[in-house]
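No lab work stands behind these numbers, since they all come straight from the coordinates. What you see is a predicted model, and the numbers here were worked out from it, not measured in a lab. Please note: Cβ atoms are built from the backbone with ideal geometry, for glycine as well, and neighbour counts cover all protein chains shown.
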Amino acid sequence: MKHFLGSTDLQLHEIKEVFSLAADFKRLRNRHTPPVLDKQTWGLLFFKNSTRTRVSFEIGVRELGGTSLYLDDRTMQVGRGESIKDTANVLSRYMHGLIIRTFEHEIIEEFAKHSSIPVINALTDLLHPCQTFTDIFTLLERWSDPQSDSWMDDLKGKKIAFFGDTACNMANSWVILSKLLGFQLVLSGPEGFETTQEAIQFMKSRNLDTEIHFTTDAKEAADQADMLYTDVWVSMGKEKESEERIELMKPYSVTEELFSLAKPDAYFMHCMPTHPGWEVSETVLENPRAILYDQAENRLHTQKAIMAILAEAKRSIR
Ligand code: CP
């Protein structure tokens with residue numbers, strides 16, 4: 001069964017198909033969307049809060065002709081200790097696909113192991129691949145053409161800089177995508193927030209090179225960058241560390257001063273939700289080159305493409 005638990009689950013030709021299909025879905029929205037999920041029900045099983053991921057997936061399933069069903073651990077028996085094996089096997093008998101947001105990455109891997117339907121990672125503590133796929137698509141709309149044959153060449157010369165919590169799921173997902181697609185990535189955060197051994201081991205297990213450009217010098221990272229990215233400093237599940245994290249990460253806030261070190265036509269991106277005044281200043285958020293709402297919209301188009309590709313792969317193994 002083909003799942004999407006991380007970017008490495010798709011081969012390069014499938015990644016290209018995601019971007020090409022996403023561009024078609026975006027252009028043809030409200031005119032013609034092929035009902036590739038006709039008569040299908042896709043479940044969303046969320047152990048954490050969500051606005052963008054939940055809404056874009058639920059609407060995406062419906063626009064592809066299917067039905068979505070939102071489930072959470074507060075009302076499911078899995079939240080009271082029922083095994084993942086039984087939950088995955090049972091849901092596989094009702095549904096055609098399962099989109100999961102949870103804590104440890106092992107949880108989603110366990111679901112995938114016991115599911116006979118495609119499983120999509122809607123965020124774990126380790127990875128958030130739907131978001132980085134969307135972010136690259138959003139950049140390709142500006143730097144290249146997601147449907148061209150040359151977009152990888154257009155990406156190769158670009159410098160992307162990620163600031164703040166450089167050990168979080170978004171930073172890990174950027175590292176992995178930089179290895180797969182070949183753009184330059186610099187992580188800039190405080191000491192102690194280098195990429196974790198868990199993420200390194202994950203990369204090794206997928207035969208990726210594990211060399212990572214990490215610097216504590218935010219100015220060096222921002223210098224001549226084509227895009228500056230940040231995420232919340234206190235990810236879901238890290239609330240007890242709030243005070244310490246905020247103090248450590250203040251030098252990595254994306255301010256106008258930091259943004260001015262990047263190329264004049266650089267973009268600012270953030271997966272949202274934002275905390276203005278913390279990881280990014282109000283003025284940077286108001287800058288016309290801050291493209292957060294385009295990122296949020298594109299979640300819908302890229303995730304529809306990912307679902308379409310997984311549904312097609314499932315049909316072909318029958
Ligand atoms: N970026 C993102 O995943 O947003 P939500 O947490 O609102 O889904």
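Structure above, values below:
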{"read-out": "Cα-based reach from LYS48 at 18 Å (exclusive), listing lysines while leaving out same-chain residues under 8 positions away", "value": "LYS238, LYS240"}
{"read-out": "Kirkwood hydrodynamic radius over Cα pairs of segment 144-209, then Stokes diffusion coefficient at 37 °C and 0.692 mPa s, in µm²/s", "value": "256"}
{"read-out": "Highest-first arrangement of 24-34, 124-134, where packing means the average Cβ count within 10 Å", "value": "124-134, 24-34"}
{"read-out": "Over 28 Å [Cα-Cα, segment 126-265], rounded percent", "value": "16"}
{"read-out": "Cβ-based net charge around THR210, under 11 Å, with every Lys or Arg adding one and every Asp or Glu removing one", "value": "+1"}
{"read-out": "Cross-link pairs LYS39/LYS304; LYS26/LYS85; LYS16/LYS304; LYS156/LYS219; LYS156/LYS314; LYS158/LYS304 - those with Cα-Cα distance over 25 Å", "value": "LYS26/LYS85; LYS156/LYS314; LYS158/LYS304"}
{"read-out": "Volume per residue that the Cα convex hull of the chain spans, once the total is divided by residue count, Å³", "value": "131"}
{"read-out": "Listed residues HIS3, CYS168, LEU64: farthest to the positive end of the dipole of the chain (Cβ charges)", "value": "LEU64"}
{"read-out": "FRET efficiency estimate (nearest 0.05) - Cβ-Cβ, VAL90 to ARG315, R0 22 angstrom", "value": "0.45"}
{"read-out": "Shape of segment 73-172, Cα gyration tensor, a/c cut at 1.5", "value": "prolate"}
{"read-out": "Backbone N under 16 Å from the ASP209 label point (7 Å along Cα→Cβ), restricted to segment 158-186", "value": "158-160, 175-186"}
{"read-out": "Highest-first arrangement of 237-243, 224-230, where packing means the average Cβ count within 10 Å", "value": "224-230, 237-243"}
{"read-out": "Helix-derived mean residue ellipticity, 222 nm - over the chain, DSSP H n ≥ 4, -39500 (n - 2.57), to 500", "value": "-13000 deg cm²/dmol"}
{"read-out": "For ARG245, ARG52, order by how many other beta-carbon atoms lie within 10 Å, fewest first", "value": "ARG52, ARG245"}
{"read-out": "Two-site label geometry, GLU247 and MET272: point separation in nm, points 7 Å out along Cα→Cβ", "value": "3.3"}
{"read-out": "Largest-first ellipsoid semi-axes for segment 1-134, taking √(5λ) over the Cα gyration tensor eigenvalues, angstrom", "value": "24, 17, 14"}
{"read-out": "Diffusion constant of segment 1-68 at 4 °C, which comes from Stokes-Einstein with the Kirkwood Cα-pair radius and 1.567 mPa s, µm²/s", "value": "96"}
{"read-out": "Spin-label model distance (nm) - GLU297 vs ASP223, 7 Å beyond Cα toward Cβ", "value": "3.6"}
